[in-house]
Amino acid sequence: MITLDQHPSGRHFLQIPGPSPVPDRILRAISLPTIDHRGPEFGALGRQVVAGMQRIFQTRHPVAIYPASGTGAWEAALVNTTSPGDAVLMYETGHFASLWHQMARRLGLEPELLALPGTDDETGLPRSWRHGVRADLIEERLRRDAAHRIRAVCVVHNETSTGVTSDIAAVRRAIDAAKHPALLIVDTISGLASADYRHDEWGVDVTVSGSQKGLMLPPGISFNALSPRALDASRTARHPRSYWAWDEIVEMSAGGYWPYTPNTNLLYGLAEAQEMLLGQGLPAVFARHRRWSAGVRAAVQAWGLPTQCADEALHSPVLTGVVTPRGVDADALRRTIHERFDLSLGTGLSKLKGRMFRIGHLGDCNDLTLVATLAGVEMGLQLAGVKTAGSGVAAAMRHFAETPAQAA
Ligand SMILES: *Cc1c(COP(=O)(O)O)cnc(C)c1O
C-alpha cells in the first residue's frame, strides 16, 4: 500500500496499453451509491448499456455483458460455440493470440495455430509477431478442410503485445471464398472504441472485448457481441457451460437484468463512457487515436528505432511497440523510466521479452500527455546510453502542431 508520504506528486503516467487512464468523469460516475440490481432503476441502466454497446460494436444483434476480465469473454466465445474435440483455426499474431490458443487446448479443443515462419532480418524477432493475419493462409487451410471439421476461425484484431492490427473483413472474405461454414470469432479486447470495428458489416460471428482499454474503464467488464449464426451454433454446441451460457444472459439482459449480480458501479462508468464516446462520435474517436499513433511513430522514427509493427498499413492506433537496439534491455530501460519519471510503459511479452517496450496511446490522453510520455522515454534512452538519431519529442511536437485534430 502506498502511504501518503510516499505518494509521488502530480499524476502518474499510466501509458501501458491497458488498463488505460480513466477520465475523472467516469471515476465520479463509478462512485455513486450502489443500487438494487433487481430494482426498477437498474433495468433502465441495463437496457441503456446494452444498447450503447450495440452502437459501439456496430451491431443490431445481442451483446452479452459479463462481470469478468477479457479472458472470461474469450472462454465464453469458445464454450458457447464448440463441442469438446472440435478443431478451431487460430493465427499467431503475438502473445495474446498464443494465450487464446493455450486456452482452447485447456478447454479440450483441437486448435491449430497458423503463423509466418522464421525471424526477421532487421530485428531477429519472430516474423509472425511483426505482421497481421494473412487471410490467404486462412483461405488455403480452409480449402484443405474438405470435411469441414474446423468449427471456428479465431483471430485477434488489435494484437496488444505487438501493436499490429489485422484486416478482419479480409478474413471473412477468405472464409467465404473457401465456401467454409466456420464461424469467425474475433478478439478486439484492446481495439474496441479506439480502432474502427464493425461487427455486422465485417461478418463477424462473435466479437470479444473488455472494459479497461478503449472504453476507458477499470478492469472488470467484458463482452461477447453475437451474430444470429453464433446463436444458432450455441443451441447445438455441447461444451459444458453455465456462468458463460448465452441463453440466460441474452434473454435477461434484453430487459436490463442479469442471471447473477452484475458489476453495478462499473456499469455506471460504462454508461458514462458510452455517453462520452458516442457524444463525440466514433469517427472522431478513431481519428484521434490514429493521429496520436502517427505522432508517436514520428518520435520513434526520429530516434532511429524500429517499430514492432513492420507493415505500414497495420500500425495500431492504440499502442506502439518500440524495438530497442540489440544489447539494450528494454525492461531495464522501463524500470529506470518508472523510477525516475513515474511513467509506466508496457513490457515486451514472452518472445519479445527485453527486446521491446510498448507505449499506450488510448484512454484519457491528449497531445501533451503524449509529448510528456515521449519526453520520459527520450530521457530514459539517454540514461541507458542509447545513441538516438534525433529528438523524438521534437518530431512529435511538430507532428501534433502541424496536424490539427479533426473537429469533433
Ligand atoms: C488485455 C487483452 C486480453 C486479456 O484481457 P484480460 O482483461 O486481461 O483478461 C486478451 N486479448 C487482448 C488482445 C488483450 O489486449
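The values are calculated or read from the model by the stated rules, or taken from the named source; none is laboratory data. Everything numeric here is computed off the predicted structure, so don't read it as measured data. Quick reminder, even Gly has a Cβ in these numbers, built from the backbone with ideal geometry, and neighbours come from all protein chains shown. Side chains included, ligands, DNA and RNA excluded: accessible areas come from the protein's heavy atoms. Shrake-Rupley method; radii C 1.70, N 1.55, O 1.52, S 1.80 Å.
Only one entry in His399, His338, His361 is free of Cβ contacts under 8 Å to residues at least 24 places away in the same chain, crowded, with 16+ Cβ neighbours inside 10 Å and not acidic (Asp, Glu), namely His338. Take the conditions (1) among the hydroxyl-bearing types (Ser, Thr, Tyr); (2) within 16 Å of the ligand (Cβ to nearest atom); (3) not in a strand (DSSP E or B); Thr207 misses just one of them, which is (3).
Of all the residues in region 83-122, those that are loosely packed, with under 14 Cβ neighbours inside 10 Å and within 21 Å of Leu352 (Cα to Cα) number 5. Working only within region 231-267, note down all residues that are among the hydroxyl-bearing types (Ser, Thr, Tyr) and open to solvent by 30 Å² or more (accessible area, probe 1.4 Å). Thr236, Ser242, Tyr243, Tyr257, Tyr260, Thr261 - these are the residues of region 231-267 that are among the hydroxyl-bearing types (Ser, Thr, Tyr) and open to solvent by 30 Å² or more (accessible area, probe 1.4 Å).
Filtering region 70-84 to residues that are within 12 Å of the ligand (Cβ to nearest atom) and out of contact with any strand residue (DSSP E or B) (no Cβ under 6 Å at 6 or more places or on another chain) leaves Thr71, Glu75.
Table: residues versus (1) open to solvent by less than 60 Å² (accessible area, probe 1.4 Å); (2) among the small types (Gly, Ala, Ser).
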position: Ile16; (1), (2): yes, no
position: Ser20; (1), (2): yes, yes
position: Ala29; (1), (2): yes, yes
position: Thr34; (1), (2): no, no
position: Arg38; (1), (2): no, no
position: Leu45; (1), (2): yes, no
position: Val63; (1), (2): yes, no
position: Gly72; (1), (2): yes, yes
position: Leu78; (1), (2): yes, no
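Out of Leu192, Leu183, one residue alone is more than 16 Å from the ligand (Cβ to nearest atom), of a type in the set (A, V, I, L, M, F, W, C) and touching a residue at least 60 places away in the same chain (Cβ under 8 Å). It is Leu183. Of all positions in region 50-58, none carries a residue that is small (Gly, Ala, Ser), within 16 Å of the ligand (Cβ to nearest atom) and open to solvent by less than 30 Å² (accessible area, probe 1.4 Å).
Look at region 138-188 and say how many of its residues are within 25 Å of Pro306 (Cα to Cα) and either more than 23 Å from the chain's Cα centre (by Cα) or part of a loop (DSSP other than H, G, I, E, B) (or both). Qualifying residue count, region 138-188: 8.
Of the residues Ala152, Ala147, Ala87, the single one that is away from the ligand (no atom under 16 Å from the Cβ) and without any contact (Cβ under 8 Å) to a residue 60 or more places away in the chain is Ala147. Looking across region 324-357, the residues that are within 22 Å of Ala394 (Cβ to Cβ) and touching a Leu at 6+ places or on another chain (Cβ under 6 Å) come down to Thr336, Ile337, Phe357.
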